[in-house]
Amino acid sequence: MTRLKVWDIPVRLFHWSLVVLVGLSFYTMKTEGAPFVFPIEIHARAGYLLVGLLLFRWLWGLWGSPHARFTSFLYPPGRMLDYGRRLLRGKPPHYAGHNPLGGAMVLLMLISLTFQAASGLFLTDDIFFDAPLHGWASSGIVKSLASLHSLNADLLVVLIAAHLMALLLHRFKGERLVSAMITGRKAFDGRPEDEPAEGLKPRFRNDRIAILPLALVVLALSSLPVIWLWSA
Ligand code: HEM
Ligand code: HEM
């Protein structure tokens, strides 16, 4: 049994912050929002933080550590079908990072979340809150964005439910994906499909020096729109 470091700290912090902020966004709009007096303001602020968080993840998908990169977990349709077939037969191959179906699901979630956060920036609650970019679009466009914001929120619920079901399915197959998203490490019997043929050496160690300064630069870049939105 070999333990591999798969998720870097930025990916893990990204994920659990995302869960809290998306949870808060739904809570403030789908309930009375107690104890907040003006839930829409909390909703919007959670949204501004999500803009920064998602920008961070898009950039980290280009420059981050190996398993965080899009090139490492986006596969051609043939690979996804093959993985799906082997999953149905009950013998899915093991992956260190996202598997081919999981990778596609991650991309879908990121696109849907990004659209949700971006469209929110143009909305109004027609009472006292106008989002920072509200004045930038005509009232017709704002109306369409409001319907899409509502429709896409339902799509997000479906995607998140599918995400949680998939995690449960993998748990039944003996894969502890959730603890890997907490500790960053996964245990394997053999060589995962997406590890290099040279063996199970944690490529991570070589990357470590580059990761912290790079993460800080990407974080600083991603914070700029958040600061602007927060003070707008
Ligand atoms: C990923 C981030 C976001 C999520 C998950 C989210 C989710 C939601 C949900 C579930 C609703 C209720 C839709 C309905 O029931 O029809 C809603 C409405 C709304 N959201 Fe968001 N939202 C996000 C980002 C934002 C942002 C960044 C803003 C503005 C800065 C914003 C402003 C609004 C407004 C103004 C409404 C309508 C409120 C009303 O009609 O009174 N949202 N959002
Ligand atoms: C608001 C709800 C959630 C959203 C929007 C969400 C979104 C995501 C996203 C975007 C990723 C990809 C991570 C990356 O590569 O950056 C991911 C992965 C993951 N999420 Fe979530 N997630 C949610 C809830 C949860 C919960 C509640 C759990 C745990 C019980 C969880 C466990 C995981 C795990 C284990 C992975 C890695 C999957 C793998 O190994 O391929 N997620 N999630």
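Side notes on the structure shown:
- When residues in the range 59-112 are screened for being among the β-branched types (Val, Ile, Thr) and modelled with pLDDT of 95 or more, 2 of them pass.
- Residue check, Pro10 in contact with a Gly (Cβ under 7 Å, 6 or more places away or on another chain) and either in a helix (DSSP H, G or I) or away from ligand 1 (no atom under 16 Å from the Cβ) (or both): yes
- A single entry from Tyr83, Tyr95 fulfils the requirement of being out of contact with any His (no Cβ under 7 Å at 6 or more places or on another chain), part of a helix (DSSP H, G or I), within 13 Å of ligand 2 (Cβ to nearest atom) and aromatic (Phe, Trp, Tyr): Tyr83.
- Taking first residues from the range 13-32 that are in contact (Cβ under 8 Å) with a residue 12 or more places away in the chain and partners that are not aliphatic (A, V, I, L, M), the Cβ contacts under 6 Å between residues at least 6 apart in sequence or on separate chains come to Phe14/Arg57; Ser25/His43; Thr28/Pro39; Thr28/His43; Met29/His43.
- Within the range 135-154, tally of residues that are in a helix (DSSP H, G or I), surrounded by 15 or more Cβ atoms within 10 Å (Cβ to Cβ) and not β-branched (Val, Ile, Thr): 5
- Index of the failed condition, Asp126 passing every other in (1) away from ligand 1 (no atom under 13 Å from the Cβ); (2) loosely packed, with under 13 Cβ neighbours inside 10 Å; (3) at pLDDT below 95: (1)
The values are calculated or read from the model by the stated rules, or taken from the named source; none is laboratory data. What you are looking at is a predicted structure, and each value in this text was computed from that prediction instead of being measured. For neighbour counting, all protein chains shown are included, and Cβ atoms are generated from backbone atoms with ideal geometry for every residue, glycine included.
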